1. For Ala180, only one of the following conditions fails: (1) under 13 Å from Leu205 (Cβ atoms); (2) within 16 Å of the ligand (Cβ to nearest atom); (3) of a type in the set (Gly, Ala, Ser). What is its number?
2. What number of residues within the stretch 1-25 are surrounded by 17 or more Cβ atoms within 10 Å (Cβ to Cβ) and among the hydroxyl-bearing types (Ser, Thr, Tyr)?
3. Does the stretch 142-179 hold any residues that are within 21 Å of Lys226 (Cα to Cα), of a type in the set (A, V, I, L, M, F, W, C) and surrounded by 15 or more Cβ atoms within 10 Å (Cβ to Cβ), and which are they?
4. If a residue must be in contact with a strand residue (DSSP E or B) (Cβ under 9 Å, 6 or more places away or on another chain), within 13 Å of the ligand (Cβ to nearest atom) and either assigned to a loop (DSSP other than H, G, I, E, B) or over 28 Å from Glu68 (Cα atoms) (or both), how many such residues does the stretch 1-15 contain?
5. Looking at the stretch 26-39, can you tell me whether even one residue there is among the basic types (Lys, Arg), surrounded by fewer than 16 Cβ atoms within 10 Å (Cβ to Cβ) and within 30 Å of Phe160 (Cβ to Cβ)?
6. For the list (1) surrounded by 15 or more Cβ atoms within 10 Å (Cβ to Cβ); (2) near the ligand (Cβ under 10 Å from one of its atoms), I need the number of the one condition that Ser125 fails.
7. So which residues in the stretch 100-111 are in contact (Cβ under 8 Å) with a residue 40 or more places away in the chain and more than 15 Å from Thr79 (Cβ to Cβ)?
8. It is to be established whether one or more residues within the stretch 60-76 are over 16 Å from Leu7 (Cα atoms), of a type in the set (A, V, I, L, M, F, W, C) and touching a Phe, Trp or Tyr at 6+ places or on another chain (Cβ under 8 Å).
Amino acid sequence: MSEKTSLYVVPTPIGNLEDFTFRAVRILKEVDFILAEDTRSTGNLFKHYGIDKKLISHHQFNEHKTIENILDRIKDGATFALVSDAGTPAISDPGFLLVRACIRENIRVECLPGPTAFVPALVNSGIASDHFVFEGFLPHKKGRHTRLSELADEKRTMIFYESPHRLVKSLYQLTEYFGADRFACVCRELTKLYEETVRGSLAELIIHFEKKRVKGEIVIVVEGKK
Ligand code: SAM
């Protein structure tokens, strides 16, 4: 394993711009190249922090093709940072393939600790946080019911990422597998102006969210089976 870190995985704020660490900003200013999932939104964030670097587009549609080139540049001595649109890369975002490819080539990778949506959601929920499973996004169509039936007997706390327009439909589906009385929590717009945390049974959450047009980003935390 090389001594020098050649790939830094750098979390970025999930809403509140103050949630960027000093170290993250320093490393982004120091590396040779920055790989960004969305160069436009990352460009805006970086402007705020005076990070003036050319961004290289790295997203789920090109990551398979670009990895070889990145590895070649790293072998020539270049250092890279990887950022996603928001939060920690490789958590429901591109990053895993590049990290794995570097590790296979004995290239040193370092992931900085920092913002990610599921940790504050889990802690805010008040649901047991000693053991949990992160499910990310459920499959939209194929495999969705299979995944939910596999989780029906799960005893650990479960965490799901969800889009606002699917929230109510998903809450209904969760009641089919976990029962309407299962305790859960919906965290919406974490760290942002209209942050909202709603706790209650799945049935109560449906009543709350069915009444309005749901907007923003969402994490659902569901208690495990007792
Ligand atoms: N890499 C990110 C992370 O570390 O959390 C996740 C990226 S994933 C493409 C985007 C999803 O994360 C959103 O659809 C939502 O489920 C969740 N998310 C991101 N930011 C959020 C926020 N501020 N509040 C609630 N959920 C959020």
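The values are calculated or read from the model by the stated rules, or taken from the named source; none is laboratory data. Keep in mind the model is a prediction, meaning the values are calculated, not measured. Methodologically, a virtual Cβ is constructed for each residue, glycine included, from the backbone with ideal geometry; neighbour enumeration extends over all protein chains shown.
1. For Ala180, the exception is condition (2).
2. Total meeting the criteria: 3.
3. Leu148, Leu151, Met158, Ile159, Phe160, Leu171, Leu174, Phe178
4. Counting residues in the stretch 1-15 that are in contact with a strand residue (DSSP E or B) (Cβ under 9 Å, 6 or more places away or on another chain), within 13 Å of the ligand (Cβ to nearest atom) and either assigned to a loop (DSSP other than H, G, I, E, B) or over 28 Å from Glu68 (Cα atoms) (or both) gives 4.
5. So the first thing to find is which residues in the stretch 26-39 are among the basic types (Lys, Arg), and the list is 26, 29.
Next, only the ones that are surrounded by fewer than 16 Cβ atoms within 10 Å (Cβ to Cβ) stay: 26, 29.
Still in the list and also within 30 Å of Phe160 (Cβ to Cβ): none.
Within the stretch 26-39, not a single residue is among the basic types (Lys, Arg), surrounded by fewer than 16 Cβ atoms within 10 Å (Cβ to Cβ) and within 30 Å of Phe160 (Cβ to Cβ).
6. All conditions are met except number (2).
7. Step one: of the stretch 100-111, the residues in contact (Cβ under 8 Å) with a residue 40 or more places away in the chain are 102, 106-111.
Of everything in the stretch 100-111, just one residue is in contact (Cβ under 8 Å) with a residue 40 or more places away in the chain and more than 15 Å from Thr79 (Cβ to Cβ), namely Asn106.
8. Within the stretch 60-76, not a single residue is over 16 Å from Leu7 (Cα atoms), of a type in the set (A, V, I, L, M, F, W, C) and touching a Phe, Trp or Tyr at 6+ places or on another chain (Cβ under 8 Å).
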